[in-house]
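This report refers to the structure that appears directly beneath it.
Read the figures in this text as sums done on the coordinates, not as results from a lab. Predicted model only: the values in this text are computed from it and were never measured.
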Amino acid sequence: MTEARLEAGTPAPAFTLPDKDGSPVSLGDFAGRKVVVYFYPAASTPGCTTQACDFRDSLNSLAAAGYQVLGVSKDQGAALQKFAEEENLTFPLLSDPDLTVHQAYGAYGEKSMYGKTVTGVIRSTFVIDENGVVTLPLYNVKATGHVSSLRKRLGIDE
């Protein structure tokens, strides 16, 4: 089962999810701002840690260009809290345990892993403009080097 994928120019699906502390965070909270929403398989795993730390290390340049970063996984609050503390992550990590938001963004479904087709979280990143429109949907991104590549595509210097 593969979810429908979002395309550039489509409205970003609205959502409200709890952050690592259980406080609700809505995409609508960032209306009028550019947002990078990224979906990752699991907190504190090697690839997800690499990706999260790359976002953390790029927060200043992304923020200077007007972007807010939001990380979304199926992890519960305690796992997200631990991940944020261990890696000094200062951007919101959101919990989507029932995968509703993952599915709305097409970030859950069939993927290839070690040559086998499996169903799971598809590492994906979405750039959303000030009007809530997806401007850059990226599926099956690599954990390593993704943020650097994203910055280049957005014209953001180091």
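Here are the numbers for this structure:
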quantity	calculated
Karplus-derived HN-Hα couplings along segment 5-21 (A = 6.51, B = -1.76, C = 1.60, θ = phi - 60°), whole Hz, x at Gly and Pro	8, 6, 10, 4, x, 8, x, 5, x, 5, 7, 9, 10, x, 8, 4, 9
Antiparallel bridges, percent of DSSP beta bridges restricted to the chain (to nearest 5)	70
Alpha-carbon Rg/Rh ratio, for segment 43-158, with Rh computed the Kirkwood way	0.94
Prolate/oblate/rounded call for segment 1-78, Cα gyration tensor, a/c under 1.5 rounded	rounded
Amide H contacts under 5 Å for Gln68, placed H, 5+ residues apart	Lys34, Val35, Val36
Helix-derived mean residue ellipticity, 222 nm - over the chain, DSSP H n ≥ 4, -39500 (n - 2.57), to 500	-8500 deg cm²/dmol
Cα-based Lys pair tally, the chain, threshold under 25 Å, eight or more apart or on separate chains	15
Rounded if a/c under 1.5, otherwise prolate or oblate - segment 92-158, Cα gyration tensor axes	oblate
Relative contact order of the chain, defined on C-alpha pairs under 8 angstrom at six or more residues apart (%)	34
